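Heads up, the thing below is written out as structure tokens.
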């Protein structure tokens, strides 16, 4: 059986941002920036503004919703077919940065300095590289 289902998400970045996921044309779940406030030594998080990649796979996690593996086993092994992926940007949003290397998130230089994790599709973590685990200003005494 081959059938396609439309999946989508819409998001707005920043402190007042949100992400809404869709199945078909129906919104299924939303996350609002004010719901991920500070917790312990982690400061308030906002909907990401830095450049991102879309990953489409059959990955599953019980941390988002319960997974009925017993029922799903009937469908394995499975094949995932993707007809197309489209990414749209709001032409009326003056705050959008249409770049993979915005001034506040200079990703091109970082990737240039760390080519292996970005060029080797068989790497699944930083342990197999010559680089240290990336630091952040909330842990490991790293200063931003």
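Computed quantities for the displayed model
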| read-out | value |
| --- | --- |
| Cβ-Cβ under 6 Å pairs, at least 6 apart or on other chains, region 61-80 side touching a residue at least 12 places away in the same chain (Cβ under 8 Å), far side assigned to a loop (DSSP other than H, G, I, E, B) | 80/58 |
| Tally of residues being closer than 24 Å to residue 65 by Cα, surrounded by 13 or more Cβ atoms within 10 Å (Cβ to Cβ) and either free of Cβ contacts under 8 Å to residues at least 24 places away in the same chain or touching a helix residue (DSSP H, G or I) at 6+ places or on another chain (Cβ under 7 Å) (or both) across region 33-52 | 5 |
| Boolean, residue 11 is free of Cβ contacts under 8 Å to residues at least 24 places away in the same chain and either over 30 Å from residue 129 (Cβ atoms) or surrounded by 10 or more Cβ atoms within 10 Å (Cβ to Cβ) (or both) | no |
| Enumeration of residues in region 81-125 that are touching a residue at least 40 places away in the same chain (Cβ under 8 Å), within 19 Å of residue 55 (Cβ to Cβ) and surrounded by 10 or more Cβ atoms within 10 Å (Cβ to Cβ) | 100, 105, 107 |
| Residue that is farthest from residue 55 (Cα to Cα), among those in region 11-22 that are part of a strand (DSSP E or B) and at pLDDT below 90 | 14 |
| Tally of residues being surrounded by 12 or more Cβ atoms within 10 Å (Cβ to Cβ) and either closer than 19 Å to residue 105 by Cβ or within 14 Å of the chain's Cα centre (by Cα) (or both) across region 14-25 | 6 |
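The values are calculated or read from the model by the stated rules, or taken from the named source; none is laboratory data. In this text the structure is predicted, and so the values were computed from the model without any measurement. As a convention, Cβ positions derive from the backbone with ideal geometry for all residues, glycine included, and neighbour counts pool all protein chains shown.
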